[in-house]
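Working notes, beginning with the structure itself.
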Amino acid sequence: MDFREIKEIIRVFDKSELSKLKVKEGEFEISMQKGFEGGTVVTSAPVATAAPVVAAAPLAVAATTEAAPAAISGDTINSPMVGTFYSAPSPEASDFVKKGDTVKKGQTLCILEAMKIMNEVEAEFDCKIVDILVENGNPVEYDMPLFVVEKL
């Protein structure tokens, strides 16, 4: 991972509502966390190598306050990664799924963008979409519920 990519990750994290982020690519690993006195703390360390440690100066970031999540009843499909949620393949296209839709195993539910890579999230089983918990264009965290579903 080069310096330009690291700066982009820091910039995106700084603008997001996420409080923690950890990225690992090959032997490179970077962790960031908001909510400290100085703003964002960025640390990285090599894994099984003697590469230098990269550290960025603290960025001025307002601490985010996280609202308590509402109780979710039923099965959920969770985010497999940190990224940006997109409900459709393009801004002009219709959503992959809508509330009340019945979907088959393997059907695309949404796209998660992570580091400018578009990743399709597919249904792991046949189900009915009971609720969509994330709005288009919003950031999501790892294992965050995206959809409430009813298994068929």
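Throughout, read-outs are computed from the coordinates displayed, never taken from laboratory work. These numbers were taken from a predicted model, which means no experiment stands behind them. For neighbour counting, all protein chains shown are included, and Cβ atoms are generated from backbone atoms with ideal geometry for every residue, glycine included.
Annotations for the structure displayed:
- Region 75-151 pair-distance distribution - Cα-Cα, 10 Å bins, rounded %: 21, 58, 21, 0
- Per-pair calculated FRET efficiency, R0 = 30 Å: GLU25 and ILE72 via Cβ, rounded to 0.05: 0.40
- For LYS128 and SER94, a Förster radius of 25 Å and the Cβ-Cβ distance give a FRET efficiency of 0.85, rounded to the nearest 0.05.
- Cβ-placed point charges (K, R +1; D, E -1), dipole of region 75-151 about Cα centre in debye, nearest 20: 140 debye
- A simple spin-label model places the labels of GLU17 and ASP2 3.4 nm from each other, with each point 7 Å out along Cα-to-Cβ.
- Long-range amide H partners of CYS110 with built H, under 5 Å: VAL121
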